[in-house]
Structures are given as C-alpha cells and as structure tokens.
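Here's the structure we're looking at; comments come further down.
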Amino acid sequence: MKEQPFWNPILETMQQEKLKTLQLRKFQRIFKWTYENSKFHKSLYQSAGITPSDIRNYEDIKHVPKIEKSMMRSIQNKDPFPYGDALCVPLEDVSTFRQTSGTTGQPVYQPDTWQDWEWWSECWAYVLWAQGYRPKDRVFIPFGYNIFVAFWAGHYAAEKLGCEVVPGGVLDTQARILKIKELHASAMMATPTYILRMADVAKNKMGIDPSELSIDKITCAGEPGASISSTKKRMEDAWGAKVFDHSGATEIGAWSYECDRQPCGMHVNEAMFLVEIEDINTRKIIEGPGIKGKMIITALDRIAQPCIRFDSKDIIEWDSKPCSCGRTFRVIKGGVTGRSDDITKVKGVLLSPAAIEEVVRSIKGLGDEFEVVVDKQGDVDRIKLKVELLPEVSKQDVEFILKDQLRIKTNLGYRIEYYDYGSLPRYEVKAKRFKDLRKKH
Ligand SMILES: [Zn+2]
C-alpha cells in the first residue's frame, strides 16, 4: 500500500475557495462563541459596533478589532482568577495552565480545556506527519517540561501518531546525548539554539560525533533558525539529519509547518487557523505574495481563551508558488523572518537579527554563537557584533568576507569583536543574542 503523505488528506488538499468557505464558517462560529461567553471580548466588540450577525463574508472579518498581547495582560489576575474575563468556559473546565515566556514583558497566562489540549496535539500531528514522523520512530524530546507550552504538544502529537516518545526532561545535555545514543532515537524536537548546543557538547566535551548517532530528523521551534538557510545547514551537517521548521505560540497554537519539499518555507494550517498579513505602514491586509507584513491570526477552534485576530507581531509574507507536495495550504516564504517589535531601526535602516544570523552562520571559520549590541555614541547609533573564531582560524581569515556579507545583506556597518571559541554565552532554550541598549536611555 502506498503511504499516505498527508495527516488529513481532505483538508490539506482542499481547494483554496473551499478552504476559505470553511474558514469563514469556522470564524463565524468561534466569533459567536466568544461574543457570548467572554465579557472582555463582548465589550471590545460592542464598542466597535460589531456583533456576530455582522460577519457575513470574508471581507467582514477585517473589521473585527485586533487583540494585542498587552490587552490580555491587563485582564489577568482578575476574576475568574488568574485568567480574567476573557475566559469562555467555567473555571472547572480548564485542564491546563501555561504561560508565555515573558521575553517581551509580563507573561500572559493561557488556560486550555481538555478539548483545547486535544486540538493542540491534532495541530502538531499535521506538523510531524508532514516532516516524516511515522509510528516506527523513536522520538527523543530534550526539553525541560514546565509552565511553557514549547514541546508539550509535540510530545502528545508524536504519541498520537503512534511514535514511541522518550521524554528527556530533567536530564542535562550530556545525559540527553547518551540517552539518544543508548536508545537509537530517530527524531527529536528542540530550539535551533539547543540543537547546535547539543552538537557542540557532543563533539567537544564528549568526543561523540552527532552525525554518527541515529537521529534522522529534527523539528525546530521557538526561534526562526530552521528557516535561516545557513543555520539550517549547520544543524543538518552537525547531526546528519533533515531539519524542519515549525512555528507556534502559546496564545495562538501550532499554526504552521515546513513540509519535506519546501526548504525554509512553512505551510499555514489553513483548516485550523486564519492568517492575515497586515501592511505595517498602511495597516491594510496584504492579499498577494511578495510583500512583508505582520501576522494577524485567528485560531478557529480554540475555546477556553480564544485567539481572534491576534496581533502576533511576527513578520511574514506569502509565497507566490503552490508547494510541490500537493498541499493547498498557502506557504509563508522563508518562515517567520522577524518580529515587528525587534526589527529596529539603526541609523535609519531596518535591522533584522535574522539577517545577521544568516551571515554569521554562513561563514565556516566562525562558531555558532554571536551577539549584537546596539548603542548610541552621542547622537549616532553604533552596532557591535561579537563573533567567535573557531580554533586555528584567525581574524584575517574571515574579516573581509564577514564585513562584505554584512554590508550586502543588512546595508549597515559594524564594529566587529572577535572572541576565542567558547567565550560567548551559551543558551539552553531560546537565545538572547540581540541587545538594544538605546532603549534604556
Ligand atoms: Zn509542501
């Protein structure tokens, strides 16, 4: 029997027109549910003069007010404690607490019911199936299971697929590598930062070549690295494995995935989510490919604390081509390329940390770690880039190409500081490589 390439063949290959109708129906349903059950949302929509009967077609959706993270923060710790009045179900129906990582401020609490939790793992099942996970896989999850949603739903989805899941919870990095070796694990999930960190520890502290271990596929999330081609290549070379990207968020869900045909692009799961891209300047919705904007997203089936037209601040753009894998779900070109709140202007030019990462990781003589510090001398912005030289590589070997590539890819000049391999900070989960000191003054 020929193997089924899709997790849900009906939805993943549905014609766009039909998909849009499905999205509209689902939007109407979740909007009505939320309007009737969340005091917070109802008062927001009432002040905008919108009721459920006003959503008659796809165009009407654009008039629904957006939700910002700060709005969710402002209601929490109120009744029903601790979530506040966006909660659409009785408190006793909540089965799971999670919170955002708080990288951009006070963490936001996220309640889910059991139905929501099953929905989370269903969304992740699309991701894993598309990336080649099958029941025969033994999946190792090197993740500190805690209050962050991170790979929890990936764990359950892998079980749902029939894979054998090994939770690598409180083990340290060396113990995790030994466990992968001992059990011949075939797949794993982690942030790009940690995938590279594990490879570094295996090679340089344990004398184990990770490419000789049995891992053949890796799913990354939490950072954009797996959609940055030079970072993807470093991970794939180190582990001798295919590396795939996935993007999701605590308040949203697991909304996108890279398939095995689309290097550095991600399908939006359009059966479960409605993604709109808003032009940052005109605030109009961008319909076609080729223009970057920020993502406004609706989770079409999430019920406890709904996510309706949430301003994610992720910068994305539609790809122009359909994917050769046969999925009709549209593709985000190059994955999530940045966030509207960390794409900062330096000397009047937009600086994207992902573009710097792309350059640093493409140069063979440099280590995986780097740090960018933006500050001000008088009125002039300055950017310092700290990089590590690999052993036996000198500054002269890399300086010309590094400066040249940075100028071409980012249109900015840098003061570059070179460090010995191993001297910049290492991170276990998400890295903090970008520092803007101007904001403090
Ligand atoms: Zn595809």
Placing one identical point scatterer on every Cα of the stretch 92-161 and ignoring solvent, what is log10 I(q)/I(0) from the Debye formula at q = 0.12, 0.17 Å⁻¹? -0.37, -0.69
Ranked list, fewest to most other Cβ atoms within 10 Å of each Cβ, for MET235, MET206: MET206, MET235
In nanometres, what is the gap between the two model label sites at GLU92 and TRP114, each 7 Å from Cα along Cα-to-Cβ? 1.4 nm
With label points built 7 Å along Cα→Cβ from the Cα atoms of GLN174 and ARG438, find their separation and express it in nm. 4.4 nm
Extension gain SER320-GLN396, at 0.36 nm per residue separation less the Cα-Cα distance, in nm? 23.3 nm
Relative packing of 83-95, 352-364, which averages over residues the other C-beta atoms within 10 Å, highest first: 352-364, 83-95
Let me check I have the definition right: for the stretch 344-440, take the eigenvalues of the Cα gyration tensor, multiply each by 5, take square roots. What are those semi-axes in whole Å, largest first? 22, 16, 12
Once both axes come from the Cα atoms, what is the angle between helix 114-130 and the longest principal axis of the chain, in degrees from 0 to 90, rounded to 10? 50 degrees
In degrees between 0 and 90, to the nearest 10, how far off the longest principal axis of the chain does helix 395-410 point, with axes built from Cα atoms? 30 degrees
I need the phi-derived Karplus couplings for the stretch 222-233: 6.51 cos²θ - 1.76 cosθ + 1.60, θ = phi - 60°, integer Hz, Gly and Pro marked x. x, 8, x, x, 6, 9, 9, 4, 6, 6, 4, 5
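What is the ratio of the Cα radius of gyration of the stretch 290-403 to 2.2 N^0.38 Å, with N the residue count, to two decimals?
1.43
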If neighbour count is taken as other Cβ atoms inside 10 Å, put THR219, THR51, THR250 in order from fewest to most. THR51, THR250, THR219
Tabulate in residue order the Karplus-calculated ³J(HN,Hα) for the stretch 423-437, using 6.51 cos²θ - 1.76 cosθ + 1.60 with θ = phi - 60°, rounded to whole Hz; enter x for Gly and Pro. 8, 7, x, 9, 10, 9, 10, 8, 8, 10, 9, 10, 10, 10, 6
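Placing unit charges on C-beta atoms (Lys and Arg positive, Asp and Glu negative, everything else neutral), compute the dipole magnitude of the stretch 1-337 about its Cα centre in debye, rounded to 20.
My answer is approximately 420 debye.
Cut-off is 10 Å between beta-carbons; in what order do TRP114, TRP120 appear when sorted fewest neighbours first?
Numbers: TRP114 12, TRP120 24.
Sorted ascending by nearby Cβ count, the order is TRP114, TRP120.
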Mean projected area, convex hull of alpha-carbon positions in the stretch 226-371, reported to one decimal in nm², is 10.3 nm²
Taking the inverse of the average 1/r across all pairs of different Cα atoms in the chain, what Kirkwood radius in Å do you get? 23.0 Å
What list of whole percents do you get for P(r) of the stretch 282-338, with Cα-Cα distances grouped in 10 Å bins up to the one holding the largest distance? 21, 45, 30, 4
Using a Gaussian network model of the chain with C-alpha springs under 10 Å, which one of PRO142, PRO80, PRO210 is most mobile by mean-square fluctuation? PRO80
Please give the contour-minus-distance gain from LYS205 to ASP79: 0.36 nm per residue of separation, less the Cα-Cα distance, rounded to one decimal in nm. 40.3 nm
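Read-outs throughout are calculated quantities, based only on the coordinates presented, and are distinct from any laboratory measurement. These numbers were taken from a predicted model, which means no experiment stands behind them. Note that we place each Cβ from the backbone using ideal geometry, even for glycine, and neighbour counts take in every protein chain shown.
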